1. Return the tail of the calculated pair distribution for segment 82-138, meaning the percent of Cα-Cα pairs more than 19 Å apart.
2. Helix 2-26 sits at what angle to the longest principal axis of the chain, using alpha carbons and giving 0 to 90 degrees rounded to 10?
3. How high is the FRET efficiency from TYR116 to SER317, r the C-beta distance, R0 35 Å, rounded to 0.05?
4. Excluding ligands, DNA and RNA, what is the solvent-accessible area per residue of the chain at a probe of 1.4 Å, expressed in Å²?
5. Contour minus end-to-end for GLU383 and GLU473, with contour as 0.36 nm per residue of separation and end-to-end as the Cα-Cα distance?
6. Under a crude label model (7 Å from the Cα following the beta-carbon direction), how far is PHE436 from ASN98 in nanometres?
7. Distance between Cα centroids, segment 185-240 to segment 243-307: provide it in whole Å.
8. Can you compute the modelled spin-label distance between ALA224 and GLN156, with each label point 7 Å from Cα toward Cβ, in nm?
Amino acid sequence: MNLRISSFMMKEKLFRSVLAGTLLMAGLLHVQAQQPPQRVVVNKVWYGDAMGYGSGDVMYRETSYYNADMHLSVVTKSGREHDTNRFKISDYTRYEYNEKGGVSRQVHYQYGVYDYGDWAPEKRNETLYVYDAKGRLTEEKEIYYYTTGQTTTTSQYTYDGEGNVATKQVLSMYDEVTLRYSDYVAPGKPGRIESTGMYDGDNYTALLSYDAHGNKVKEEQYAAGSTGSLRQVEQWEYDADSNPLSYIKYSFFDDGTSYASCKTEYSFVDDSHNLIRCEDYTSFDGVEWYSNGVPYVMEYVDFSGKADQVRVESSASLAPEGINCVDIKFSAPACVQTEADPKAVIFRNGEVIDTISLGVSSFSSEAQIASVHFVDKDVYNGEYDYFVQPLLATADGGSRGYHISSLMPVSLQLPLPQVQQLAVSSAYKKKVGSGFNAKTQRYATFSWVNPDYPASYGFISNDLMLGDVQQSEIQTADAQASSLECLVEYDTEVWVLSRFRYGKALSDRIMVSLTDLDRLIETGIHDATSADGGIVSFSHGTVQIHEGVSQATLFRADGCPVTTLSAGSCLDLTVLPVGVYLLYTKHDGRNHVYKFTNQ
């Protein structure tokens with residue numbers, strides 16, 4: 001537990017430091033007075049191979065997409081699959097903005113095998129931003145989601161008479177930190193930050209310096225309340241165009257002597273300085289340096305004058321034809337009139353689903369304004385963000401995307417049928433091992449009734465699920481099969497997950513205990529306690545259905561129904577053919593199943 005808290009605190013402090021610098025430098029705390037930059041990073045690319053080094057292939061990349069107002073809209077991360085050599089998305093972050101241009105919400109999703117074996121996004125964290133009447137950020141709430149719950153870190157801001165940030169108070173479940181900003185050299189550029197908190201690392205005074213372009217070039221951190229005891233120094237260097245040239249951090253030994261502990265080396269890859277190679281290093285003595293990972297290349301693009309050429313109005317909705325089809329419409333961008341072969345890329349949750357030509361045949365003749373129509377067919381159930389990115393020609397004959405449309409959220413929730421009347425139909429014991437290693441294993445057969453559904457739903461499999469497993473190895477691809485056998489090693493909930501072309505359906509859950517299985521093996525009656533409790537009675541070749549039972553159906557062991565019984569009725573078992581039967585009942589909202597053999 002202590003290790004977990006310590007790790008979380010270190011990451012949280014690093015994030016606070018980076019975020020504070022990012023907000024102040026990017027001007028997000030003064031959104032009403034700042035214009036978004038026109039030259040921005042659109043890609044970060046890591047090169048390497050399966051071992052991380054020694055290859056010119058792209059191993060990992062991060063792509064940023066901006067809307068026509070130059071606001072960061074989407075950031076995706078993806079990695080190369082070494083077996084297929086294709087890129088698979090791993091992270092997706094979306095940004096929402098208010099009417100004044102301030103970011104109001106940021107949501108980060110991580111992809112993985114989260115949705116019962118399907119590669120799907122899971123929300124990991126989000127940040128909510130609150131502004132005052134003047135458009136100034138007053139609160140940001142960071143929420144982190146875990147399988148065991150969530151944690152929240154809240155930052156609150158106050159401002160001085162000049163509209164600059166005066167204080168930032170950060171409250172989390174582990175710490176309380178207050179930062180005080182003063183000695184501003186320009187709006188959003190404090191010369192001094194005083195930090196106080198519960199831990200030694202929280203308490204310091206920082207002095208900041210900037211160059212003529214407003215880039216932070218130096219930050220000196222002193223022990224709290226003192227300017228005579230340096231504990232950390234950071235230095236940045238930029239060229240005349242604000243391209244990064246170098247970064248270095250100096251730490252201090254206990255005797256007060258300093259050493260270089262971290263650095264980042266930058267180098268230009270092309271003459272235009274739009275490709276910058278970066279590599280991070282760590283040192284423990286300031287002499288020997290160790291790389292922190294794979295070098296990466298930042299790609300910049302100047303968006304100046306491009307917005308009007310690619311701006312589009314767009315919408316997405318569920319198409320009336322087909323199953324889970326999404327109808328995407330967007331206005332023809334101005335580049336259609338200037339480009340020889342204009343194109344547009346259609347994205348779903350940051351992944352390219354198609355690239356289409358914006359030729360005359362793409363336009364709708366019925367609309368007053370020429371629009372493009374595209375249908376995304378046979379989409380899996382889920383929540384999606386669609387967006388469109390028109391392309392412009394480049395000097396080398398290629399094409400380049402400069403802006404994307406607004407995000408178009410679409411929810412696909414086609415109701416899919418679940419199996420019914422899941423029950424334990426039989427069980428047996430099996431001894432394995434010998435001597436001290438001998439043990440008894442219990443196997444149970446679970447039966448159900450298959451629902452009716454159109455063949456177009458595309459049945460894939462029925463998976464028998466025990467507890468909260470993400471993926472079961474016990475499944476059947478036979479749409480007519482109505483039972484599966486599996487090993488049961490502990491008391492657990494059991495349910496069936498039905499997979500279809502368009503999504504999944506989950507059956508009701510039943511609780512199965514080892515005691516129940518032992519009773520079923522010994523007596524032939526499952527849930528015998530319920531039988532003794534007055535729901536049903538087995539006696540002298542008959543079964544009596546007691547009052548209070550809302551549903552009672554008799555099935556053969558193969559799942560075929562025999563008859564339906566009402567409360568208070570009595571069934572003569574001697575008239576039934578010899579065989580194994582299951583009696584399914586519902587009483588007080590609970591399902592009960594009884595197995596018996598008619599001889």
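The values are calculated or read from the model by the stated rules, or taken from the named source; none is laboratory data. Because the structure is predicted, anything quoted here is derived from the model rather than measured. Reconstructed Cβ throughout: ideal geometry from the backbone, glycine too, with neighbour counts over all protein chains shown. These area figures cover heavy atoms from the full protein model, side chains too; ligands, DNA and RNA do not enter into them. Shrake-Rupley method; radii C 1.70, N 1.55, O 1.52, S 1.80 Å.
1. Roughly 48 percent, rounded to a whole number.
2. Approximately 50 degrees, to the nearest ten.
3. Numbers: r = 28 Å, r/R0 = 0.80.
After rounding, the FRET efficiency stands at 0.80.
4. On the way: 30780 Å² over 599 residues.
Value for the chain: 51 Å² per residue.
5. On the way: separation 90, 0.36 × 90 = 32.40 nm, distance 2.72 nm.
Going from the current span to full extension adds 29.7 nm.
6. 7.0
7. Taking the Cα centre of segment 243-307 as reference, the centre of segment 185-240 is 19 Å away.
8. Simple spin-label model gives 2.0 nm for this pair.
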